[in-house]
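**Q** Sharing a structure, written as structure tokens. Questions coming.
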Amino acid sequence: MVRRRLRDGLTEPRLRGAQVELLRLATHAPGMRVSDAAKELGLAGNSVSTLVNQLVGLGLLRREVDPADRRAALLYVTEEAVERIAAWRARRTALMEHLVAALPATDRASLAAALPALRGVAEGLRTLPGEDGR
């Protein structure tokens, strides 16, 4: 629902979830190899290569040859991507602040108390037991 609300009024082309995930990953790990991005996202290498091509075409991602291995590509977000992600975050933050502010104080307190547990659940999704550390 948050994504739907935030899409209203967008002027630039809408990005798919996997594209956004790749941009977030490249933002947090500039210079990441395509193969490492595929592992982190749990996607096939050719799927990530397709996403990279799409995002390069949109001017949101830059691909550079890895000087250590000329066969590999390193990924960097463009300034346009940084600005677009920042604008999206600002809109999302404003929406959530508006919605939470409208809640009764007891509900706001309940949400605040639940945040540590929710963070733990989110981290648990990244590191499920028995997986290879992803």
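**Q** Give me the net charge for the shell around Leu22: Cβ to Cβ below 14 angstrom, other residues only, Lys and Arg +1, Asp and Glu -1. Walk me through the intermediate numbers first.
**A** Values: positive: Arg16, Arg24, Arg33, Lys39, Arg62, Arg63, Arg84; negative: Glu21, Asp36, Glu40.
Net charge around Leu22: +4.
**Q** Still on this structure, please answer the following. Provide Asp8, Asp36, Asp69 ordered by accessible surface of protein heavy atoms (probe 1.4 Å), highest first.
**A** Values: Asp8 100, Asp36 65, Asp69 35 Å².
In descending accessible area the options line up as Asp8, Asp36, Asp69.
**Q** Next up: Report the gain in length on full extension from Ala117 to Glu83: 0.36 nm times residue separation, minus Cα-Cα distance, nm rounded to one decimal.
**A** Working: separation 34, 0.36 × 34 = 12.24 nm, distance 3.09 nm.
Fully extending the segment from Ala117 to Glu83 adds 9.2 nm.
**Q** May I ask for the percentage of alpha-carbon pairs in segment 47-126 that lie more than 23 Å from each other? Provide the component values of the computation, followed by the final result.
**A** Numbers: 1658 of 3160 pairs.
Cα-Cα pairs in segment 47-126 separated by more than 23 Å: 52 percent.
**Q** In deg cm²/dmol, rounded to 500, what helix-only [θ] at 222 nm does the chain give when every DSSP H run of at least 4 residues adds -39500 (n - 2.57) and the total is split over its residues?
**A** Helix contribution divided over all residues of the chain: -20000 deg cm²/dmol.
**Q** Further, regarding this structure: For segment 1-69, which semi-axes, largest first and in whole Å, follow from the square roots of 5 times the eigenvalues of its Cα gyration tensor? Display every interim value, and only then the final one.
**A** Numbers: eigenvalues 119, 35, 21 Å².
Taking √(5λ) for each eigenvalue gives 24, 13, 10 Å, largest first.
**Q** Report the dimensions of the chain along its three principal axes from the alpha-carbon atoms, largest first, rounded to Å.
**A** Cα spread of the chain along its principal axes, largest to smallest: 57, 43, 20 Å.
**Q** With an 8 Å Cα cut-off and a minimum separation of 6 or more residues, compute the relative contact order for the chain in percent. Write out the running numbers ahead of the final one.
**A** Numbers: 96 pairs, mean separation 26.8, N = 134.
Contact order relative to length: 20 percent.
The values are calculated or read from the model by the stated rules, or taken from the named source; none is laboratory data. Note that the structure is a prediction, hence the values are computed from the model and not measured. Cβ coordinates were reconstructed from backbone atoms using ideal geometry, including for glycine residues, and neighbour counts include every protein chain displayed. Ligands, DNA and RNA are stripped out before the accessible areas are found, and what is left, the full protein with its side chains, is counted by its heavy atoms. Shrake-Rupley method; radii C 1.70, N 1.55, O 1.52, S 1.80 Å.
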